Every structure is written in structure tokens, then in C-alpha cells.
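Novice: I'd like to ask you about the structure that follows.
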Amino acid sequence: MVPVRQPKMITRHRDGRISAYVMDSGAFGALEPAAVFRPQPGDEVVASAVRADLERVVYATLNRVVCLTRVGDVVWASDFEPHSDVRLGHRPGCAFSLDGRKVWVYRPDAMAGRERGDQWVAYDADSGAVVGRRELETVGHGAEHHVHPADGSVYLDIGEGQDGSVIVRATAGADGEPEFVTYPWSDRILIDLAPDGRQFMTVDHGQADVAFHEHPSGDVVLTLDVEAFGYDPEETFVEWGGGYLSPELAAVTLGGETEDGDEWFRCHLVDVRTGAPADEAGAEVTDPYGLVPLGDGTWLTADPDGHPVRRPGAPWAPGSVD
């Protein structure tokens, strides 16, 4: 399985606008937006995604999803009915499919007070017509989409707070209708898909270990608990962060508290071929979610104003972090 790798893109919401950034091979340091979109007046954006050609953006508010052109024209919009006045505890999510033809939207309807379970809905990206729908047996606060880089299947990790996490995968069926598979766990958080598509990475909801699974079966090929990294499991946990720096190397973040009650975090590399964790190399992380591996040997942090900063090389090699 050798995917044609597309540049990774991210969005950020600032000052009433959606900024899209492209992780191409030549851009390092503080990144400038490749495109900027302005949501409809009055819309409070909670999630967004940009199409690979940068000509469309889709965003979600608590009560609807909207698709815009680059010049701000509405392509289509779909309201989440009935309207919810619940402000906290639920956040929809959205993503474009790998080919840009569908928009996937997670609706946390249960927590929104819509008197129904959650839904996962696929829209035609051009018309807004619903082309697939999954009624979910979840009561989620939010969810993260992960689009497979080779076969285009889509993973959805639904966070149910203290009740755990549910992972669902959607694929294209023989008749074009989406087919859905729910993985048999309620205690694993999906962190990342490997950039070659062969694996995915999860962390135990109780933060006791990290596991690496075959795609698409979910079979576990490697599990590392806290002790494997040389830490006391009574004092240390695995964070719900990290990801793949490359197909062979994954970043795992561990944390705990000092005797004075201060939180600390350390990053480790894991060779996913051998299962060998690398020694912690001295780069302390104050925000375990602020360091994002991009799968191509580079990684993101943010500057003091929240703008993304892309850096090359292993982020936790001695001297590699300012």
C-alpha cells in the first residue's frame, strides 16, 4: 500500500476568520495562511476543514454546517434540527473525504438535547445532499475525524467523557453507499493514522498504555505501558497526544506531577517496527497537545500568538528545541 501523499492541511479560527495552512515540503518556521475564509455573519465556528484545492471550506457551528467558496459564497448549508439552545458539552466535527467529494459531519445530538442519539452524516460536497448516515449509539461530547491516506476510509473517534471513547470507520460500499464498522473497544482513544496507512495509534482511556494497530483490522501489533518507558505507573501516565513522525517512528508523550504538584511532560520516540522505545532526550513539553507530528518528518508547535510553526527533524533530539 503506497499512497500518493497529499500535503497535510490544517485550519485555525482567529478574529472571525478561518485560516488554512498547507504543510508543503519547503515551508518551515511560522506559517502564513494559504487561504483565508470568512464565515457567515453571526456564525460561531467550532470546527472546520479545507478542501485540497483550497477553493472550498466547510465549517460547523453548534447548530449547522456550512460550505463556502474561497470568495465567501455559500455553496450549501444544512441545519441541525431541532435547534439546540445547549451551549456547553457538545461540539460537532467535520472533514472532507480524501477525494474532496464528500463532507463528513459528526453531530453530538444527545448532548445537544435533541432527544436522539448521535449521528454521523456524509454530504455531497457540491450539492449538500445527504449521501450516507449512521445512527450512533453514543452520547459524545465531540469527535475527531481521521482520513486514511491511501484507501480514503474515514475513522471517527467519539469522546464520551468519563464513559470512554468509541471508534467507528466508514468505507465505500459496493453500491456506493457508505458501510460502517465499529471497533470492539470503549476504552481506547484514536490518536493518529500512520502516513503510509498501514497502522493506527491509540492510547488507553485510563492512560496506562499506548498501542499500535493494523489497518483496517484493528489487530494490536504492539503495546507499550508506562513501565516500558522506564517510569513508575503509579506516578506517570500516557497522554492522549503524539502521533506518527514517519511510518517507522511514533511520538508518545508521558506526564505526571512533581513533588511540588507541578505538571511535567516528556516526549519519546518509538520504533514501531521493533517496538523499541527511545530514551527521553531532554526536550520538555509544557503543553502535551501543542506538539503535533505531521507524518513527513516534520512537526508543529505554535508561537505565543497561537500561529502554527513548522519544524523539521526529530523534535526531542538534544538541542533541537529552543
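Rule-based calculations on the coordinates, nothing more; no lab input. Owing to the predicted nature of the structure, the values given are computational and were not obtained by experimental measurement. Ideal geometry is used to build each Cβ from the backbone, glycine not excepted, and the neighbour counts take in all protein chains shown.
Novice: Between region 63-103 and region 206-263, how far is it from one alpha carbon centroid to the other, in angstrom?
Specialist: Centre-to-centre (Cα) distance: 33 Å.
Novice: If you don't mind, another one. Express in nm, to one decimal, how much length is gained between Glu177 and Glu135 on full extension, taking 0.36 nm for each residue of separation and deducting their alpha carbon distance.
Specialist: The Glu177-Glu135 span can extend by a further 13.7 nm.
Novice: At what distance in nm do the modelled label points of Glu81 and Asp15 sit from each other, each positioned 7 Å from its Cα along Cα→Cβ?
Specialist: Each label point lies 7 Å from its Cα, and together they span 3.9 nm.
Novice: What is the local net charge at Thr182, summed over the other residues whose Cβ is closer than 10 Å to its Cβ (Lys, Arg +1; Asp, Glu -1)?
Specialist: Cβ neighbours under 10 Å give a net charge of +1.
Novice: Where Lys and Arg each count +1 and Asp and Glu each count -1, what net charge lies around Gly100 among other residues with Cβ under 10 Å from its Cβ?
Specialist: With Lys, Arg at +1 and Asp, Glu at -1, the neighbours total 0.
Novice: Quick check: pseudo-label points 7 Å beyond the Cα along Cα→Cβ at Glu32 and Val71, how many nm apart are they?
Specialist: 2.3
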